[in-house]
1. Looking at (1) charged (D, E, K, R); (2) at pLDDT 90 or above; (3) not in a helix (DSSP H, G or I), which is the one condition that is false for ARG85?
2. Which of the residues that make up the stretch 28-59 are assigned to a loop (DSSP other than H, G, I, E, B), surrounded by fewer than 15 Cβ atoms within 10 Å (Cβ to Cβ) and under 13 Å from the mean Cα position of the chain (by Cα)?
3. Please work out if ALA19 is within 15 Å of ILE69 (Cα to Cα) and either open to solvent by less than 50 Å² (accessible area, probe 1.4 Å) or in a helix (DSSP H, G or I) (or both).
4. Within the stretch 69-84, take every residue that is open to solvent by 30 Å² or more (accessible area, probe 1.4 Å) and among the hydroxyl-bearing types (Ser, Thr, Tyr) and give me the one that is farthest from LEU49 (Cα to Cα).
5. Please work out if GLN91 is within 14 Å of the chain's Cα centre (by Cα) and either within 16 Å of LEU114 (Cα to Cα) or of a type in the set (Val, Ile, Thr) (or both).
6. Can you give me the number of residues within the stretch 52-97 that are basic (Lys, Arg) and touching a residue at least 24 places away in the same chain (Cβ under 8 Å)?
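The values are calculated or read from the model by the stated rules, or taken from the named source; none is laboratory data. Note that the coordinates shown come from a computational prediction; the quantities given were computed from them, not determined experimentally. All Cβ positions, even for glycine, are placed from backbone atoms using ideal geometry, and neighbour counts span all protein chains on display. The protein model used for the area step is the full one, side chains on, heavy atoms only, and it has no ligands, DNA or RNA in it. Shrake-Rupley method; radii C 1.70, N 1.55, O 1.52, S 1.80 Å.
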Amino acid sequence: QVARVHYPGLKSHPQHALAMRQQSNGGGIVSFEVKSKVGQTQQEAAWALIDATQMISITANLGDAKSTITHPTTTTHSRVTAAARAAAGIQDGLVRVAVGLEHVDDLKADLLLLAK
């Protein structure tokens, strides 16, 4: 259900080497592009995932002890032109999760609610 993951802790990330020189791991923010279903736009797929979460807080803010989830295209980057977003790799299906202090199993379960 995920088309692509953006996380500097992954060796496949274009800035992985830089991130590993500057920090001990990839950090607490991960972004990924949600695959859309037939007849569904990328944005609709992203919103469906975000709307299905029950524990993760829906917000555009970062830096909380609680995990947050957001849709950059319609929040943090909504004033950026579509062409500029595309050039920066911000697709309509992109979802950003800032990981808080919850247990990883709880976060996984929350993100998998839509898959059930």
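1. (3)
2. Result: GLY28, LYS35, THR59.
3. Values: within 15 Å of ILE69 (Cα to Cα): no; either open to solvent by less than 50 Å² (accessible area, probe 1.4 Å) or in a helix (DSSP H, G or I) (or both): yes.
For ALA19, the condition - within 15 Å of ILE69 (Cα to Cα) and either open to solvent by less than 50 Å² (accessible area, probe 1.4 Å) or in a helix (DSSP H, G or I) (or both) - is not met.
4. Of everything passing the filter in the stretch 69-84, THR81 is farthest from LEU49 (Cα to Cα).
5. In short, no.
6. Result for the stretch 52-97: 2.
Residue by residue, here is whether (1) touching a Ser or Thr at 6+ places or on another chain (Cβ under 9 Å); (2) surrounded by 15 or more Cβ atoms within 10 Å (Cβ to Cβ) holds:
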residue: GLY26; (1), (2): no, yes
residue: SER67; (1), (2): yes, yes
residue: ALA86; (1), (2): no, no
residue: GLY100; (1), (2): yes, yes
residue: VAL104; (1), (2): no, no
